[in-house]
Structures are given as C-alpha cells and as structure tokens.
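Input: a single structure, listed below in structure tokens.
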Amino acid sequence: MGDRVGVKYNSINEAEEHKGGHGIPKVSMIPLIFLIFYEVSGGPFGIEDSVKAAGPLLAILGFLLFALIWSVPEALITAEMGTMFPENGGYVVWVSSALGPFWGFQQGWAKWLSGVIDNALYPVLFLDYVKSSVPALGGGLPRTLAVLILTVALTYMNYRGLTIVGWVAVFLGVFSLLPFFVMGLIAIPQIEPSRWLEMDLGSVDWGLYLNTLFWNLNYWDSISTLAGEVENPKRTLPRALSYALVLVVGGYLYPLITCTAAVPIVREHWSDGYFSDIARILGGIWLHSWIQAAAALSNMGNFLTEMSSDSYQLLGMAERGMLPDFFAKRSHYGTPLIGILFSAFGVILLSWMSFQEIIAAENYLYCFGMILEFIAFIKLRVYHPNASRPYKIPLGTIGAILMIIPPGLLIIVVMALASYKVMVVSILAMVFGFVLQPCLVYVEKKRWLRFSISADLPDLPDVQEIAEDDAVPLVV
C-alpha cells in the first residue's frame, strides 16, 4: 500500500517562519500556551461541582486520574497529528487523510457545531457573574442586548488578529489564576489534612461527577485548527501542549487541595462560584471581588479562543476544498472573516439554550468527533508507520491502541449518560452533516460555487515520505 501520507510542509522558509504567507505575525510559544489553556480550561471556575458530587478526596483523585486517562492521551495525539499535518484544517485533515473526505467533513461539522454550542455558553456565564452587581442583566431585554453587544465586541477582537487574541489570553490567564495562588497561600495556615479524606461512596452523584471532570479536561485537540498560524509548529506545538497540560491540571489541583482542607466541608455549598465564597472567608471582600472579576473575564478568554479555533477550522476546510472558496478569504488583518461571522451567528442563534442543554449537546457531538480522531490516529499508525511524524508518541502500535482504550470507554459512558432529547437532537445534527457533504459536492460539480485546494498546501494523495529521525521529544 505504501506510506503516502507523510506530508512535507515546506512552503515557509526559515527567514519567514515568524510570519504567515499573508505577512501577518505568527503565534509564538507563550501566547500559544495560553490559547491552549483557554481552549481547555480558563481556570478552576466550575470545578466546585466535583466536590459537591463526590467529596474532596474523589474530586482531587478524579482530576489526577482523568488527566492521565483523557487529557494526556488527547494532548499526545494532538502533538503527533498536529505536527504531522501543521495546517488550519487540524483534525479535519487528520480524519480526511485516514478515512477520506466524507468522514473528514463529518469531523469538521461535528467539531465546529460542538465548538459553537460551547461558545454560546460564555456570554451567558459572563453575565451571570456580573448580574450580582448589575441586577438588570439578570433577564429580559437588557440581558439579551448585553449578550449581543458582548458577542459583537469579542467577535471584533477576533477579526483584528490571532496574535492580539493570543496576548489578550496571556493577560486574562495571569489575571484569572493569580487570585487562586494568593488564596492558596492564605489558606496554608488553616489546612487540616484530615478533610482531604472525607468520602461517602453511597452519596456520590456519578453523573455530575463525570460530566464535571470531562467538561473541564477536554478540547485539547482544538488548537490543531490554528496550527497553520503557529510559528514553527513542528517544534512549538508539542512543547506548548506539555506546558499547557501542567498549567491546566495544576490550576485545578492547587485550589482544590488548599481550599478543601482550609474550610469545613459542606458538600451542598460546593457549586459554581463557591470559590469566591471561600475567598471571602479566607481573605475578605477584596479577594472575593478579585475572584469574581477573574471568573467573569475568564469567560471572555474562553469565548475568544473558541471562536478563533472554530473560524480557522472553516478556513482550513475551505483551503482543502471542502467548503466554498469564500470561507478561505482573509481580512487585511489575516483573519478568516466569513468563518468568524458564521461562528458569531451560531453563538447568537444558540444563546437561548440552557446551561445543562449546552453541556450535554456539545459533549455528545464532541465525543462523536473524538471517535473519528481515534480511528484516524490508529489507522495512520497501522497503515503508514513510516510516514513523517516530527513528534511521535513513544509507543508502538499496540501501545497506542492500549492508550486510547480508557478514553474510548469514557466516551461510551458519556454518550450513554445523555438524555433521550440530547441523543435525538445530536443524531439529527450528525445526519444533517451526512446530507450536507454530498450536497456541497453536487454544488461544486455544477459549478454553482467555486471550490479549490490552496496552492500553499501539499496534496494529500500524492505526498512525500520523510524519515522519522527528525522527531522531537515532548518536553514536560
């Protein structure tokens, strides 16, 4: 069969590595770390439900265990596949190269829809934090207008450039994590280690527990749709993923470990926003206000990075001929204008959904996409073991298969726990994708719209194999 997927990306020479083909500066290491941080996390806001569901011991162990069985494999696969195909199509290109363009399109549809559904959550959460100070934003026309204004303002920031989004993410990330670091220091003298061991298996809410862990530790692959905008992605991406992994997991465990032992555990109190109450207990109103402000601004960071990932994915799909050419058009800031507008429209359209419906729907579609990613990863390992992989997970084929078994089982559990309504709506959305792809092929055949593959990208069916000796290690 031969190794025909080892793609050689050599359209950018060393002298131009810091800029894209449109003269726009590329994303460097530090902004990339915080873009990944916000794609996955944004801080420990919302992890309180893990303590409510299962108590402090299982909450701490859960974030450690889930990081190992889910986050680490997903980050490793993103590092290997993202450096193998360093372009904006990201996981769409991975699946297309292994399973063909039909399934590549389904991957793109499911992931884009999941991302837009996820992004509809953040303006709502932002206003939920602000409404305690501005009660008028709690509902009605003022809240609707605020959602629209916030969405437009953050969309405009995306339009102005990914480097701006990256450095804004750095600022927001530092601002969001710093109060938890301070709170942890204040908590140290009041820590009682015995509180960490509190556990009652009979009262564990396993559904809430698993959903909280899963929602807070996924989306590592989202950064792959920005790979074409990254400076030297074959070296930068694996390292940025490893540093972001430490930042995300550490950002969860540090406040959990310090705060659960510093105050008496009343599990019913541990719901969204309880960290700000603990801040008031330990540090006073100033720390409480700081964490509330950090929580509100963190949602802005989540929105900005998710929209970037979604819009550049559409651009990458257009550059591969899966979507009409107008999706590949860039503004004079180098940003995918049509992709940004489509993503913003989707956010506004879905902003009426409830928090629980948003989480359930996005998780279901996300799981469908991850199944395709795992299949593509294994198939490329089995049928093309010698294709170019600038970073390669240090496991053989059997080891790679064993690595994805635990996250694969987790996907089955999450999908099985979905309500009947969520299953029906999600399956209908996927069926729509099955119909949409042949329709676009027909539109291209009739030449009603123009489709083309970017001349800057290598042709996937006729590519050049490179030796694997250049692989770089993933530094943690």
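The values are calculated or read from the model by the stated rules, or taken from the named source; none is laboratory data. This is a predicted model, so every value here is computed, not measured. Virtual Cβ from ideal backbone geometry, glycine too; neighbours counted across all protein chains shown. SASA here: full protein model, heavy atoms, side chains in, ligands and nucleic acids out. Shrake-Rupley method; radii C 1.70, N 1.55, O 1.52, S 1.80 Å.
The longest part of the chain holding none of the exposed loop trypsin sites (Lys or Arg not before Pro), meaning those outside H, G, I, E and B in DSSP with at most 15 other Cβ atoms within 10 Å, is 9-328. Under the convention that each Lys and Arg Cβ holds +1 and each Asp and Glu Cβ holds -1, the size of the dipole of segment 309-451 around its Cα centre is about 540 debye. Note the angle between two axes, namely the Cα long axis of helix 101-119 and the longest principal axis of the Cα atoms of the chain, as a number of degrees from 0 to 90, rounded to the nearest 10. In the chain, helix 101-119 runs at an angle near 30 degrees to the longest axis. At an R0 of 25 angstrom, the distance between the Cβ atoms of residue 235 and residue 379 translates into a FRET efficiency of 0.45.
For the chain, the Cβ-based charge dipole about the Cα centre amounts to some 700 debye (Lys, Arg positive; Asp, Glu negative; other atoms uncharged). Which residue, 182, 259, 380, has the largest displacement toward the positive end of the dipole of segment 29-463 when charges sit on each Cβ (Lys, Arg +1; Asp, Glu -1)? Result: 380, furthest along the dipole toward the positive end. Across all C-alpha atoms in segment 196-333, the radius of gyration and Dmax reach 20.1, 59 Å.
Between 420, 437, 55, the Cα set farthest toward the positive side of the dipole of the chain (charges on each charged residue's Cβ, about the Cα centre) is that of 437. Per DSSP H run of at least 4 residues, take -39500 (n - 2.57); add these up for the chain, divide by its residues and hand me the 222 nm value, nearest 500 deg cm²/dmol. That comes out to -21500 deg cm²/dmol. If I compute solvent accessible area with a 1.4 Å probe over the protein chains, what percent of it on the chain is carbon and sulfur? After summing per-atom areas, the C and S share lands at 68 percent. Oblate is the label for segment 379-451, because a/c, from the alpha-carbon gyration tensor with a ≥ b ≥ c as root eigenvalues, is 1.5 or above and a/b does not exceed b/c.
Distances between placed amide hydrogens fall under 5 Å for residue 230 paired with 27, all partners being 5 or more residues away or on another chain. For residue 131, the lysines whose Cα comes closer than 25 Å to its Cα, not counting residues fewer than 8 places off in the same chain, are 52. Exposure here means at most 16 other Cβ atoms within 10 Å; with GluC sites (Glu not before Pro) in a DSSP loop as sites, the longest stretch of the chain lacking them is 199-464.
In this label model, residue 68 and residue 424 are separated by 4.1 nm, measuring between points 7 Å along each Cα→Cβ vector.
Dipole orientation for the chain: of the candidates 206, 401, 82, 82 has the Cα lying most toward the positive pole (charges on Cβ; Lys, Arg +1; Asp, Glu -1).
A 1.4 Å probe run over the protein chains yields, for the chain, 41 Å² of accessible area per residue, whole-number rounding. Quick note on segment 29-463: its Rg to Rh ratio, both from C-alpha atoms and Rh being the Kirkwood radius, is 0.96. Between residue 447 and residue 160, the contour length at 0.36 nm per residue exceeds the alpha carbon distance by 100.1 nm. Within straight-line reach of residue 392, meaning a Cα separation under 17 Å, sit the following lysines at least 8 residues removed in sequence or on another chain: 8, 234, 379.
What separates the Cα centres of segment 37-61 and segment 281-320 is a distance of 17 Å. Normalising the average separation of contacting C-alpha pairs (under 8 angstrom, six or more residues apart) by the number of residues puts the relative contact order of the chain at 34 percent. Compared with the dominant Cα axis of the chain, that is its longest principal axis, helix 121-130 is turned about 30°. Measure nothing fancy, just the Cα-based angle from helix 285-319's long axis to the longest principal axis of the chain, in degrees from 0 to 90, nearest 10. Taking Cα atoms only, the helix is inclined about 10 degrees.
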